[in-house]
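Remarks on the structure that follows.
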Amino acid sequence: MNTSLRAVVAALALLTGHAASAADFNVRIVNLTNGIWFTPFLVAAHPAGTSLFAVGQPASTNLQAMAEGGDISGLAADLQTLGATIAENPAGGLLAPATSTDVDLNTDGSSNVLLTVVAMLLPTNDAFAGLNSVTIPTEPGTYVFEVPAYDAGTEANDELLTGGGAPGVPGIPADPGGLAGTGGTGVAAADANSTVHIHRNSLGDTDPIGGPSDLDSTVHRWLNPVVRVVVTVR
Amino acid sequence: MINLSTTMSRALLLIPGVLLLQACGGSNGSGPPAQPTTASFAVTVSNLTNAQPLSPVAVIAHADGYRIFAVGTAASVGLEELAEGGDNTALLAEAAAAPQVAATASGAAPIGPAGSEVVSIEVLETELPGLQLSVGTMLVNTNDAFSGANAALVGDMAVGDELSFYSIAYDAGTEADTERALEIPGPAGGGEGFNPARDDQADRVAMHAGVVSQDDGLATSDLSEQERFDNPVVRIRIERVN
């Protein structure tokens, strides 16, 4: 752990040393990428000890539906049963590269002290951005979280634009930017790591009508972080 | 407890107990020498990359409201000249003309991989409340990648306090990422720097997606796998020295 991360942890300890209490806050979500779109975001405050996913653990069926096809209804239902404070689809659709959206949450009267934000990256097979169960600060202020792309581990990253978005159906459901190619032969078989892990990035190629991938290596790659979440506590 | 898969940066600036430094009053007219009326910061920029020299850095001290860049917003011409050609002159001139800007400073030379440079910048103590520092530098073996710091809050740092953070690579959105030597000013290219044409995917700042390189299948690229990079690309340490 580097010095600045230790400092951050120390700061977090200070900030969370208070008893859990209600928070009225705004969540701004920035798509930092140059060529990746996000499916509708799911933003949720939820109780301590709960999470939608964990690195090194297999994805739930509902996480798989989000990561492979952008369907957040199952995860939202899971969160409802936990009594979570939920905001679905704050952008009212896809979030384009280098754009942002925001939503207000208020956890008054709840025990929802953790924040999770998830959405699928397009065009990918099963990549998703995940801010995973971070403690919601209670001190008024602005807090920035930088969010990496995970691989749900549930689908081969074949990078073929087939329209397949349902869980278990191979292929990429859509390329909103319209810059993908066709005729790829398929990049990869099943992930070596079938649990949730940091995504290894798309490969792509420079052949719009063939090659292994339908993705363009000059357009559809990314570097982490892919999303910035700015929490403003009032 | 922080999730190791995320980072939290600005929280550093909000640690309770960091007191707002008040400007010291004037002397009593006798006795000890007058208090200094300026505050200075040493900004250390370290290059973390394998083969991406950094252009001479631009350091700008300013009040809230000035930004070198914002994700989703078109780059200024000054930022374009920095990000395409590694020349910070126009960016610093733009800054000097902005009403929020208190001071500017330039690095003396490019910073090679594994290298660091300390740039000093000085402001009046009266300008400290809310003072922010921004830093810009180009990754010169690219078309228009840059890094730096965006409005780090330093006005409440006491003498001796330091603030360190890592920074990522952004794409100015002003030049297509051809990776061709003709359009890359750094040593891996030796080509053109700034060109006023804007021919990137979209005319706005976003994150850089990295160098593909000829070794990774981009046949038209003059860059090798050595010029690839991942985040973070730069470490910045700010110390208030007086």
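Restricting attention to the stretch A:142-191, report how many residues are under 18 Å from A:GLY204 (Cα atoms), hydroxyl-bearing (Ser, Thr, Tyr) and out of contact with any strand residue (DSSP E or B) (no Cβ under 8 Å at 6 or more places or on another chain).
3
Name the residue that is nearest to A:MET66 (Cα to Cα), counting only residues in the stretch A:146-158 that are within 7 Å of another protein chain (Cβ to nearest Cβ) and surrounded by fewer than 24 Cβ atoms within 10 Å (Cβ to Cβ).
So, considering only residues that are within 7 Å of another protein chain (Cβ to nearest Cβ) and surrounded by fewer than 24 Cβ atoms within 10 Å (Cβ to Cβ), the one nearest to A:MET66 (Cα to Cα) is A:PRO148.
Kindly evaluate B:PHE41 against the criterion of being under 27 Å from B:ASP230 (Cβ atoms) and hydrophobic (A, V, I, L, M, F, W, C). It would help to see each step written out before you state the result.
Details: under 27 Å from B:ASP230 (Cβ atoms): no; hydrophobic (A, V, I, L, M, F, W, C): yes.
So B:PHE41 does not fit the description; no.
Here is a list of conditions, (1) small (Gly, Ala, Ser); (2) out of contact with any strand residue (DSSP E or B) (no Cβ under 8 Å at 6 or more places or on another chain); (3) part of a loop (DSSP other than H, G, I, E, B); (4) farther than 23 Å from B:VAL205 by Cα, and A:GLY93 meets all of them except one; can you say which number that is?
With (1) small (Gly, Ala, Ser); (2) out of contact with any strand residue (DSSP E or B) (no Cβ under 8 Å at 6 or more places or on another chain); (3) part of a loop (DSSP other than H, G, I, E, B); (4) farther than 23 Å from B:VAL205 by Cα applied to A:GLY93, the lone miss is (4).
Could you list all residues from the stretch A:125-163 that are aliphatic (A, V, I, L, M) and in a loop (DSSP other than H, G, I, E, B)? Please lay out each step first, then the result.
First, pick out the residues of the stretch A:125-163 that are aliphatic (A, V, I, L, M): A:127, A:129, A:131, A:134, A:136, A:144, A:147, A:149, A:152, A:156, A:160-161.
Passing the criteria: A:ILE136, A:ALA152, A:ALA156, A:LEU160, A:LEU161.
Scan the stretch B:94-137 residue by residue and report those that are under 17 Å from B:TYR166 (Cα atoms) and buried (at least 20 other Cβ atoms within 10 Å of the Cβ).
B:ILE111, B:GLN132, B:LEU133, B:SER134, B:VAL135, B:GLY136, B:THR137
Every residue, every condition in (1) assigned to a loop (DSSP other than H, G, I, E, B); (2) free of Cβ contacts under 8 Å to residues at least 24 places away in the same chain; (3) under 15 Å from the mean Cα position of the chain (by Cα), yes or no:
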site: A:THR33; (1), (2), (3): yes, no, yes
site: A:LEU52; (1), (2), (3): yes, no, yes
site: A:GLY56; (1), (2), (3): yes, no, no
site: A:ALA59; (1), (2), (3): yes, no, yes
site: A:ALA67; (1), (2), (3): no, no, yes
site: A:ALA77; (1), (2), (3): no, yes, no
site: A:THR101; (1), (2), (3): no, no, yes
site: A:LEU121; (1), (2), (3): no, no, yes
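Give just the number: which of (1) assigned to a loop (DSSP other than H, G, I, E, B); (2) aliphatic (A, V, I, L, M); (3) in contact (Cβ under 8 Å) with a residue 40 or more places away in the chain; (4) touching an Asp or Glu at 6+ places or on another chain (Cβ under 9 Å) does B:ALA158 not satisfy?
If we test B:ALA158 against (1) assigned to a loop (DSSP other than H, G, I, E, B); (2) aliphatic (A, V, I, L, M); (3) in contact (Cβ under 8 Å) with a residue 40 or more places away in the chain; (4) touching an Asp or Glu at 6+ places or on another chain (Cβ under 9 Å), just (4) comes out false.
Output the residues belonging to the stretch B:183-242 that are over 23 Å from the mean Cα position of the chain (by Cα), on the phi > 0 side of the Ramachandran plot and within 9 Å of chain A (Cβ to nearest Cβ).
Residue satisfying the conditions is B:GLY217 alone.
Limited to the stretch A:164-184, what total is found for residues that are away from chain B (no Cβ under 14 Å) and over 18 Å from the mean Cα position of the chain (by Cα)?
So the first thing to find is which residues in the stretch A:164-184 are away from chain B (no Cβ under 14 Å), and the list is A:164-174, A:182-183.
Applying the additional criterion that residues be over 18 Å from the mean Cα position of the chain (by Cα) yields A:164, A:168-171, A:182-183.
Matching residues across the stretch A:164-184 total 7.
Working only within the stretch B:167-182, note down all residues that are more than 9 Å from every other protein chain (Cβ to nearest Cβ), more than 13 Å from B:VAL211 (Cα to Cα) and not hydrophobic (A, V, I, L, M, F, W, C).
Listed by number, the residues that qualify are B:SER167, B:THR174, B:GLU175.
Here is a check on your reading of the model: is A:VAL43 crowded, with 17+ Cβ neighbours inside 10 Å, more than 22 Å from A:VAL169 (Cα to Cα) and hydrophobic (A, V, I, L, M, F, W, C)? Before the answer, list the steps.
On the way: crowded, with 17+ Cβ neighbours inside 10 Å: yes; more than 22 Å from A:VAL169 (Cα to Cα): yes; hydrophobic (A, V, I, L, M, F, W, C): yes.
Answer is yes for this residue.
Going residue by residue through the stretch A:188-195, is there one that turns out to be buried (at least 23 other Cβ atoms within 10 Å of the Cβ) and at pLDDT 95 or above?
Step one: filter the stretch A:188-195 for residues buried (at least 23 other Cβ atoms within 10 Å of the Cβ), giving none.
Scanning the stretch A:188-195 turns up no residue that is buried (at least 23 other Cβ atoms within 10 Å of the Cβ) and at pLDDT 95 or above.
Any idea which of (1) part of a loop (DSSP other than H, G, I, E, B); (2) more than 8 Å from every other protein chain (Cβ to nearest Cβ) is the one A:THR232 doesn't satisfy?
(1)
Out of (1) under 20 Å from the mean Cα position of the chain (by Cα); (2) away from every other protein chain (no Cβ under 14 Å); (3) under 17 Å from A:ILE36 (Cβ atoms); (4) surrounded by fewer than 22 Cβ atoms within 10 Å (Cβ to Cβ), what's the single condition that is false for A:LEU161?
Here A:LEU161 meets the rest and fails (1).
Could you count how many residues in the stretch A:196-234 are touching a strand residue (DSSP E or B) at 6+ places or on another chain (Cβ under 8 Å), surrounded by fewer than 19 Cβ atoms within 10 Å (Cβ to Cβ) and among the acidic types (Asp, Glu)?
0
The values are calculated or read from the model by the stated rules, or taken from the named source; none is laboratory data. Bear in mind the structure is a predicted one, so any value in this text is a computation, not a measurement. Neighbour counts are summed over all protein chains in view; Cβ atoms, including those assigned to glycine, are modelled from backbone coordinates with ideal geometry.
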